[in-house]
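The values are calculated or read from the model by the stated rules, or taken from the named source; none is laboratory data. Remember, it's a predicted structure, so these values are computed and weren't measured experimentally. Note: ideal-geometry Cβ built from the backbone for every residue, glycine included; neighbour counts use all protein chains shown.
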Amino acid sequence: MGKVTCFLPCRKGSQRVPRKNIKPFADVEYGLIEIKLRQLVAAEHIDEVVLSTNDQEILDFADSVESTKVRLHRRAEELSSSSTSTDALVAHAHELVPEGSILWTHVTSPFVTAAHYDEIISIYRAQGAAGYDSLMTTTEIHGFLWRNEKPMNYDRSVEKWPRTQTLEPVHEVNSAVFLAPSEVYRNLDDRIGERPYLYALDKLVSHDIDWPEDFVLGEAMLERGIVKL
C-alpha cells in the first residue's frame, strides 16, 4: 500500500484544558505534542508526519525537532475553530496528503506508542489483502447496553442477565487512529472506507485526554508506571 503519511491535526485554543497540547505533562516539558512527535518519528512504518496547526507555540517547538520526517503546515484560521467540522478536515487532510495512505491520529492519545503505530500499520496492510479498505481503532465494551428501552447486545428472552464475558462486545470508536488510502478521502470524503477493519485497543492505551480529569489521570498512570510512552 506504499507510503504511509501521518496527518496530525493540532488546533490552538483548547476550551476545556488551556494549552492542553503543549503544557507540561508529567515530566515532559512540551507535553502532548512532544510525546506524540517523538512517537511518530520513531515509528518505522510511518514515512512522513504532517503537523497541521494554527498554534505558533507548537510550530516553534516542532521546528526544533530534528527529523526529516516532520512537515509543518500553518493551518488557516477558518479551519481551526471549535466549530470546524470533521468533514472540512477530511478535505484538508487529503489536500496535504494526496497520495499513499493517511494515518490520522491525535496528540491526545499519548499512550499509543511507536510500537503500536507500527503494529497497526502492519495489520492494516494484512487486512487490506483480506478485503478491508481501511482501519480504525476502537475500545471494546463488554457490558449491558440498551438503546430505545431495549437491550442492544443480548436477548432477554434467552437469558435475562447473561455473564458479561459472554456478551457480544460493542466497539466504541476511540479516535486514536484512522488509517485509509488517500483514494478513500478523495472518493468518499471520509477517513474510513466502506469496510473498515476494527482494531481494538486496550482501554489504558487508548486513554484520550479531553477533559481536565483525563489530563490528571493520564499523568498519574504514567508516573505510577501503569502505562508507558
**Asked** Of all residues in the stretch 155-171 being within 21 Å of residue 203 (Cβ to Cβ) and not basic (Lys, Arg), which is nearest to the chain's Cα centre (by Cα)?
**Response** 171
**Request:** Can you give me the number of residues within the stretch 106-134 that are crowded, with 19+ Cβ neighbours inside 10 Å and either without any contact (Cβ under 8 Å) to a residue 60 or more places away in the chain or under 17 Å from residue 205 (Cα atoms) (or both)?
**Result:** 12
**Prompt:** Does residue 84 qualify as being touching a residue at least 60 places away in the same chain (Cβ under 8 Å), at negative phi and part of a strand (DSSP E or B)?
**Reply:** no
**Asked** Any residue in the stretch 200-216 that is modelled with pLDDT of 95 or more, within 20 Å of residue 117 (Cα to Cα), in a strand (DSSP E or B) and of a type outside the set (D, E, K, R)?
**Response** yes
**Prompt:** Of all residues in the stretch 26-58, which are surrounded by 16 or more Cβ atoms within 10 Å (Cβ to Cβ) and over 18 Å from the mean Cα position of the chain (by Cα)?
**Reply:** 28, 30, 54, 55, 58
